[in-house]
Amino acid sequence: MAVTVETLQPKPPAANTGGGGLPGQRDWSGGGSGDDGYDGRHKQRPPLPRRTYFTALWLGQAGIFMFFMSLASSYVVRRGIAGDWQDLGIPWGLWVSTFVLLLSSVTLEKARRAITKADKAGFSLWWGVSTLLGFGFVGAQLFAWWQLAGRHIFLATNPSSSFFYVFTALHALHVLAGLIALVYVWWPSVRANVGPGARLAPDLATLYWHFLDGLWILLFVLLFIGGGGLN
Amino acid sequence: MSSGAVGVDEEHEVHVHTPPTSFIWKYVFSTDHKVIGIQYYTLGLISMFVGVTLSLLFRWHLSHPAGEGVKPFLEGNQYLQYLTMHGTILVFMVLTTAPLGGFGNYVLPIQIGAVDMAFPRLNMLSFWITFASWVTLMAAFFVPGGAPSAGWTGYPPLSAVPEAVPEGATGMNWGQSLWVLSIALFCIASLVGAINFIVTTLDLRARGMTLMRMPLSVWAWFLTAIIALLSFAVLMIGGLLLLLDRHLGTSFFLPNDVWMAGIQGVGKEWSHKGGSPILYQHLFWFFGHPEVYIAILPSMGIVSHIIANFARKPIFGYKAMVYAMAAIGFLGFIVWGHHMFQSGMSPYLAIAFSVLTMTIGVPSAIKTFNWLGTIWKGDLKFTAAMLFSLGFVSLFVSGGISGIFLGQSAPDIYFHDTYFVVAHFHLIMGVASLFGIVAGTYYWFPKMMGRCMNETLGKLHFWGTFIGVYMIFMPMHFIGLSGHPRRYSGFEFDFLNTPEMHISHTLITHAAIFTAAMQIIFVGNMLWSLVAGKKATENPWEGTSLEWTMASPPPWDNFGGKEPVVHHGAYEYSVPGAAKDYVMQTDPPEAVPANAHQPH
Amino acid sequence: MSAFFLAFLLLALVLGGIIPMAMRDSILPQPLASEHGKYIDDQIRLTFWIVGIIFSLAQLALAYLVIKYRSRGQKATYVEGHTKFEVSMAALAGILFVSLNLMGQHIWAGYHLKKPDENTIKIECTGMQFEWHFRYPGKDGVFGNLDNRLIGVESGDLAKALEKEEKDKAAGKLYKTDRAKNLVGVEWKSGTPGADDIHTSDLIIPVDREIELQVRGQDVIHSVFVRELRVKQDAVPGLRVNVHFKAINVPQKLPEKLSPPQHIDAQDVVNYFELACAELCGSNHYAMKSHVWVLKQDAYDRWLKAMNDDVVKAAEDRDK
C-alpha cells in the first residue's frame, strides 16, 4: 500500500499494527478523508529516500556556509584596511553561550543514542534538555549583548562591534530555525512516534544543530582573534 | 532503498489520485511543479513587459535630447531611476526567473522521469517569496523618493547615503532600501529553489536515467542551481551590510574622508569611518559574475536540446557539453574582478583576474563549436524554436567576442563604463538568454498548453526580433568605441554632441521600439493559441526525451501512475539501423542496434 | 526560405560589423595622445583582428551550415562527436586567448605599477559631485594636508575652523560651509606645505613628461576619463589611486574658439581634450565636464610660475 511521504514527519503504517516500531502508533498523515490520508493536494509517489532529506540539508548548509564565509572574509578585509579597528574584548557571556551550545550538541547525541536503544524516556529527557540548552544559548547571547550595551558598545560604535552584532544576530537567527526544529521533534505528539525505524526528523534536526555548533566555533574563533581576548 | 520512515512499502506501484479541484489549490497555492513553472514564467513575462517599457522610455529620452526650447523627456533623476529598475527587473525578475524557475520547474522533473520536485511545498514557497520580492521591488516606484537611482549595481557611497542625492530630488530614499530588501528576499527564494533542483536531479531520476543520459537542459538547470546556491548567499551579505550602512550607522562600505554638500555642507556630521566601497564591489561581483552564468546556462541547455531535435542528430560531443557547462560554472566563480579593473583594487589582483577571465573563452568556444557540429550533416527543420536556437548561437558568438576586449585589463582602461560594455552584456546575457527562453516557449508550449502556437507568426517574430536586436546593439559597440560613457542622460560633451552620436541614438531607439513591437506578435500568438490553437499531439516535434511520452498537456501526476524506465540517451536521432529517425529514451533497448555507438 | 534568409542576415551581420570597423582610420578616437595609449591601441587592434576573424568564421560557418544541411529529404548522419578534434580546438582557443592577454599585461604594469622619478609631475585629481578639481604641489613639491573639516574654510586654518564650529554650535547656529571657498579641504595657512598648492578645475600638463595622477573621490565614486589619453581611473572616497601616463605631441585640429584657463595663450596649446566622469555618481553624472590642456614645456613652465605667483599673492592677502 502506498503512503504519501513528503513531510519530515515520520510515517507509521496506515493500519494500526504497531509492528516494528514503538507501541501505540497511529496514522499521522494529517487528517484527510481517505484512510491513507490523501487530501487531494499531494501526489502519490514512492517515498523519498532518507538520503534525499540529508542531501537537501547539506545543500542548505552549504548556502548558509557561503553566507557566513562572505561575512567572514569581509571581516578580515575590514580589519586590515583602516586603522580604526578597536579590539572588542569578548564579553564572558559569549563564552558561556559557547559552552552551552557545545553541551547541547552532546546531549543531543545522547538523545540520538536513546532512539537507537528504543529508550523512549531517555530520548524525551535528553532531547528536552538539549532544547532547553538551545534556548539557553540564545539567552546567553542576549546576555552578552546586554554586557556590551553596558559598556556602551552598540552596532555602529566600531567596526569590530558592527561585525560582532551582525555575526551573532545572523547566527542566532539560524539557531532560531534550529530551535523550531528541536521543539517540533520534542512536541508530545511527534516524539511519541520516534523510534529506531522512524527517526528522520530527529536525525535531520541534530545534523543541522551540529552544523550550527561547528559554525559557531568558527565564528567564535574569528571574533576572538579579532576581538583580542577576554573581558 | 531504505526510507527511514516506519512501515512504508518499497518497490510498489504509485496510484493515481485526482488532482485538486478548487481554484485556489489548483492555480494559486499549488505544489504542482507544472503550475509553479507557469507562475514563474508569467512573472517573468510581466516583468519583461515592465522592464522593456522602462527602456523605451529612457531610450526615447536619449534620442530627443533637451535643447533650445526643447524640454527633456524625462525630468530630474527619472532617467537614472528607470535605468536602475530596468536593469534590476530584467536581471532578477526575468533572466533568473523565467529560464530557471519557469522552464526548469516545469520541464526538469518530467525530463528525468519524476512525478514532481523532491519538495513540492518548498517549491511553492520559493515561488511566493519570489513574488513577495517582486512586489517589494515594484513598490519602490510608489514610495516617497520613488525608485532607486544608483544603477542595478547599487555602489556605495551613492547607494548608502540618502544625502548623496540633492534634497528634493528623487531616487535615494525608501526606494533604495526597498531595492535591497527585494533582492534579499529574492536571494532566499533562489537558495530554497536551488536546493530543490539539485536534490531532485540527484535522487529522483527514473530507473535507467543515468546522469549521462539526462538531456542537456537538465544538466544546465542542475549546474545553474549549484551556481545559484553558492552565489546568492554572498549577495545577501552585500545587501544586508548595505542596508545596515544606510539605516543603522555602520561603516562597512563607507570610509571616513567623505564630504557631501548635503551633510557637512549644512553643518551635519559624517558619522562613518574606515569602510571600503570596494568591499561592496567584491561582495556584489562575487555574486554578480556567477549570476550572468545563471542567466545564460539554462538557455544553453534548452538550445542544445532544441538544436538536436530539429537537426535530427545527436548533440555533437554530449560529454564535452556537460564538462564545458561545468567548467563555465566553476570558472565563473574566480573571475569576478574583471568587473573591477578600474575600481582602485590592487593592480596585481587585476592581472590575476584578467588572465583567468580569458580561460572562460575555452569552454564557451567548445560549446559553440559543438552547436555547429550538431548542425553539420544534419537534416535541419526550421521551426520557430529552431530559428531562435540558431539565433542564440549567433548572438552568443557576437556577445562573447566583445568580452575578449573587456577581459584584458589594459584595453578595459578605455572600454570600462562605456557603451561597449552595454553592448557586450546585452547581447550575451540579455538577448541570447531571451532567445533561449523564447525558443523554449515555442518548443514546449504545445506540451504545456495542449495547443500549438502558430508557426508562421513564430517565424515572423523571429525575423523581426533577430534583425531588431542586432540593430539595437551593434551600433552600441561603435558609440562605445568612441568613448560614450554609460548611464549618461544628456549630451554636455562636444564629443557626444556630434551628428553621428545623435543619429546612432535615434537608430538604436527606433530599433528598440521596432523590436519591442515585434514581441506583441509573440504574446498575441501565445494568447490566441491558448484558446484557438491547433490541438497538440503527444510528440509534435518527434523528440526523444521523456516529456514527449505523455499527453499534451501532461496529466496531473505526469506519468499516469507508472514510473518510466529509460534505456537510451537523450539524443538518439537518425540512429543507423533504427526503425524511425528518432528513438525515444523509453523505447526498448533493442531500438538502438548494439553497434550504433561508434567510439569517437 | 528560412535557411537562405538566415544566412543572408548572418552575412549582413558580418559585413555590417567588420566593414565599418575596417573603414575607420583608427578603431579608437584620434588623436591618440599618450605613450601607453599607443600600446593600448595596438593591443586592441590585434584583438580586433583575432576576434574579427573568429566572429566572421563562426557566423559564416553557421550561415553555410544552415544552407547546406537544410532539410531536403536527406538523412542526418549519426555523429556523436569527435573528441580529439574537440580537445585540440579547446587547447588552441586557450593558448590563443591567454597569450593575447599576457601580451598586453605590460601596459597595465606601466600604467599602475611604475615608480615616479624626479621628472614625474604629480597632480592630484579629486572627483566630487559634480565637478573635477586638480591640485599641484607647488614650489615646495609637497602636497598640503587635506582635512575634510577644511572644506569650505577660506582661511585654510584648521584650528580657526574648529573654533568657529564650536562657537556656532554653542550659539545654536547652523555651521554652514561654502565648498567653493576651499574645494578639497587643504590646510593652506602660512607656513604649511599647502600654502603654495596650485588649484585648477582643468588638468594642465606639459607634453612629453611623465605624469602621476593621484585620483581620489570626495563624496561618491566617480571616474576620471580622458578618451584621447586612454586614461580612466575610478575616483574612490577613502582611496588614493595613482595612474601614470605621458602626453605625446600629436597634431590635432583644435576648436576655433579656445578659452584656455588664465595664464595660458591659445597658441601654446598643443592638445586639448575633454575630461568626463565614467562612474555613476548621481543626477549630473553626465555633466561633470572638465578639460585637459597639453602645453609645450616652456609654456607649462610659464603657466606654473604665473600660478605660483598668484598663489603667493593670495596667501599674502589672506594673512592681511
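Are any of the residues in the stretch B:553-560 more than 14 Å from every other protein chain (Cβ to nearest Cβ), in a loop (DSSP other than H, G, I, E, B) and not acidic (Asp, Glu)?
Here is the first cut: in the stretch B:553-560, the ones more than 14 Å from every other protein chain (Cβ to nearest Cβ) are B:553.
Subsequent filtering for residues that are in a loop (DSSP other than H, G, I, E, B) retains B:553.
Remaining after also requiring not acidic (Asp, Glu): B:553.
Yes, the stretch B:553-560 has at least one match.
Quick check: is even one residue across the stretch B:136-148 more than 14 Å from every other protein chain (Cβ to nearest Cβ) and without any contact (Cβ under 8 Å) to a residue 24 or more places away in the chain?
Just the residues of the stretch B:136-148 that are more than 14 Å from every other protein chain (Cβ to nearest Cβ), to begin with: B:136-144.
From the residues that got through so far, the ones that are without any contact (Cβ under 8 Å) to a residue 24 or more places away in the chain too are B:142.
For the stretch B:136-148, residues more than 14 Å from every other protein chain (Cβ to nearest Cβ) and without any contact (Cβ under 8 Å) to a residue 24 or more places away in the chain: present.
Does C:ARG149 satisfy being assigned by TED's automatic domain parsing to the domain that holds C:VAL311 and touching a His at 6+ places or on another chain (Cβ under 6 Å)? In short, no. Could we say that B:LEU243 is at the interface with another protein chain (Cβ under 7 Å from one of its Cβ atoms), assigned to a helix (DSSP H, G or I), under 33 Å from the mean Cα position of the chain (by Cα) and surrounded by fewer than 24 Cβ atoms within 10 Å (Cβ to Cβ) here? Here the answer is no, as B:LEU243 does not meet what is asked.
Going by what's in this entry, would A:TRP126 be described as under 18 Å from the mean Cα position of the chain (by Cα) and of a type in the set (Phe, Trp, Tyr)?
Values: under 18 Å from the mean Cα position of the chain (by Cα): yes; of a type in the set (Phe, Trp, Tyr): yes.
The answer is yes for A:TRP126.
Of the residues that sit in the stretch B:529-545 and are surrounded by fewer than 20 Cβ atoms within 10 Å (Cβ to Cβ) and of a type in the set (S, T, N, Q), which one is nearest to B:CYS452 (Cα to Cα)? So the residue we want is B:THR537. When C:ASP157 is tested against (1) within 30 Å of C:ILE211 (Cβ to Cβ); (2) in the same structural domain as C:MET288 (by TED's automatic domain parsing), just one condition goes unmet, and that condition is (1).
Residues are listed down the side, and each one gets a yes or a no for (1) surrounded by fewer than 17 Cβ atoms within 10 Å (Cβ to Cβ); (2) more than 10 Å from every other protein chain (Cβ to nearest Cβ); (3) part of a loop (DSSP other than H, G, I, E, B); (4) at pLDDT 90 or above:
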| residue | (1), (2), (3), (4) |
| --- | --- |
| C:ALA12 | yes, no, no, yes |
| C:GLY17 | no, no, no, no |
| C:GLN30 | yes, yes, yes, no |
| C:LYS38 | yes, yes, no, yes |
| C:ASP41 | no, no, no, yes |
| C:ALA61 | no, no, no, yes |
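Go through (1) more than 7 Å from every other protein chain (Cβ to nearest Cβ); (2) modelled with pLDDT of 90 or more; (3) surrounded by 14 or more Cβ atoms within 10 Å (Cβ to Cβ) and name the single condition C:LYS114 misses. Result: C:LYS114 passes all but (2). Would you check if there is a residue in the stretch B:448-460 being surrounded by fewer than 24 Cβ atoms within 10 Å (Cβ to Cβ), touching a residue at least 12 places away in the same chain (Cβ under 8 Å), assigned to a helix (DSSP H, G or I) and at the interface with chain C (Cβ under 8 Å from one of its Cβ atoms)? Yes, the stretch B:448-460 has at least one match. Selection of the stretch C:43-59 for residues being facing another protein chain (nearest Cβ under 9 Å) and over 30 Å from C:VAL231 (Cα atoms) yields C:ALA58, C:GLN59.
Taking every residue in the stretch B:251-276 that is facing chain C (nearest Cβ under 9 Å) and at positive phi and pairing it with any residue that is of a type in the set (S, T, N, Q) and in a loop (DSSP other than H, G, I, E, B), at least 6 positions away or on another chain, the pairs with Cβ-Cβ distances below 7 Å are B:GLY274/B:SER251; B:GLY274/B:ASN256. State the number of residues belonging to the stretch B:197-216 that are within 18 Å of B:ASN558 (Cα to Cα) and either hydroxyl-bearing (Ser, Thr, Tyr) or in a helix (DSSP H, G or I) (or both). Qualifying residue count, the stretch B:197-216: 4.
Criterion first (among the aliphatic types (A, V, I, L, M) and either within 14 Å of chain C (Cβ to nearest Cβ) or in contact with a Lys or Arg (Cβ under 7 Å, 6 or more places away or on another chain) (or both)) does B:LEU230 satisfy it?
Working: among the aliphatic types (A, V, I, L, M): yes; either within 14 Å of chain C (Cβ to nearest Cβ) or in contact with a Lys or Arg (Cβ under 7 Å, 6 or more places away or on another chain) (or both): no.
Considered against the rule, which asks whether it is among the aliphatic types (A, V, I, L, M) and either within 14 Å of chain C (Cβ to nearest Cβ) or in contact with a Lys or Arg (Cβ under 7 Å, 6 or more places away or on another chain) (or both), B:LEU230 comes out as no.
Across the stretch A:25-65, the qualifying residues are those that are buried (at least 18 other Cβ atoms within 10 Å of the Cβ) and among the basic types (Lys, Arg), and the one among them that is modelled with the highest pLDDT is A:ARG45.
Against the definition (at the interface with chain C (Cβ under 9 Å from one of its Cβ atoms), of a type in the set (Ser, Thr, Tyr) and in contact (Cβ under 8 Å) with a residue 12 or more places away in the chain), how does B:SER389 come out, yes or no? Quick ask: steps written out before the conclusion?
Working: at the interface with chain C (Cβ under 9 Å from one of its Cβ atoms): no; of a type in the set (Ser, Thr, Tyr): yes; in contact (Cβ under 8 Å) with a residue 12 or more places away in the chain: yes.
In short, no.
The values are calculated or read from the model by the stated rules, or taken from the named source; none is laboratory data. This structure is a prediction, so every number in the text was calculated from the model and none was measured. In this analysis, Cβ positions are derived from the backbone assuming ideal geometry, glycine residues included, and neighbour counts consider all displayed protein chains.
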